[in-house]
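Everything on this sheet refers to the single structure shown next.
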Amino acid sequence: MTKTALITGASRGLGLELARALAADGWRLVLTARGAEALDPVAAELGALALAGDVADPAHRERLAHAVQDGLDLLVNNASGLGPMPPLADYPLDELRELFQVNTLAPLALIQAALPSLRSGGGTIVNVSSDAAVEAYPGWGGYGATKAALEQLSNVLAAEEPDVTVWWVDPGEMNTAMLAAAVGPQEAGAAPGPEKAAAALLRLIEERPASGRVGVR
């Protein structure tokens, strides 16, 4: 029986590489990212359904939930923003609110919308986190706070939803556009590509351990 996955932030980086790995394994894919220009070629390559839009938009989340209402085996909350990187003493609070909206509240809202489909088949949720959620890196306070909140939401969700597997995943440092924006392309280029973390995630999905925080470096 074909399994269905919904992946956010699927047009590049880890989302793209995980979509490729799942497609090669025979999964049906529903993919979303903000820009149709980048997303549509990925969907065409993988034979997936592309629904471009912002996961922070309630109407878009409703479209995504409708697309998987007949059954969802895997939800991957991968989309996130980096935000500015000043010291917390100077962090603009309006931008921090927006970052929480994208990195924390939108994933929870999508989970809420997709839970009926996930519950019916004993599905899995993967919330992509970061070591910035648990380590004190100067400049990473805003981003790290949003991921720390996402991790605790995941932790509680796992306790509240025993029929759904929930993993909050630290993929480690990856050579992605987000990392390059944070540390510069030269330093980012020294990190492994996201395909390594995607392969580890695929193994995790196949082995299906109990809910919890997982490093897939």
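Descriptive notes on the structure:
- Kirkwood hydrodynamic radius of segment 35-112, Cα pairs, Å: 14.3 Å
- Per residue, the solvent-accessible area of segment 40-127 (1.4 Å probe, heavy atoms of protein chains only, all protein chains present) comes to 46 Å².
- Two-decimal log10 I(q)/I(0) for the chain, as the Debye equation yields it once each C-alpha is a single scatterer, q = 0.07, 0.14, 0.15 Å⁻¹: -0.19, -0.81, -0.94
- Rounded to the nearest Hz, the phi-derived 3J(HN,Hα) couplings of segment 135-152 under the Karplus curve 6.51 cos²θ - 1.76 cosθ + 1.60 (θ = phi - 60°) are 10, 9, 9, x, x, 9, x, x, 4, x, 5, 5, 6, 4, 5, 4, 5, 5, where x marks glycine and proline.
- Share of carbon and sulfur in the accessible heavy-atom surface of segment 66-181 [1.4 Å probe, %]: 53 percent
- Annotation for segment 131-217: GluC sites (Glu not before Pro) lying in DSSP loop with at most 13 further Cβ atoms inside 10 Å of their Cβ are E135.
- V169 long-range amide H proximity, modeled H, under 5 Å: N127, V128, S129, V214
- Per the Kirkwood formula applied to alpha carbons, segment 77-123 shows a radius of gyration over Rh ratio, Rg over Rh, of 1.19.
The values are calculated or read from the model by the stated rules, or taken from the named source; none is laboratory data. Because the structure is predicted, anything quoted here is derived from the model rather than measured. Here Cβ is always computed from backbone atoms with ideal geometry, including for glycine, and neighbour counts include all displayed protein chains. With ligands, DNA and RNA removed, areas are computed over all heavy atoms of the protein, side chains included. Shrake-Rupley method; radii C 1.70, N 1.55, O 1.52, S 1.80 Å.
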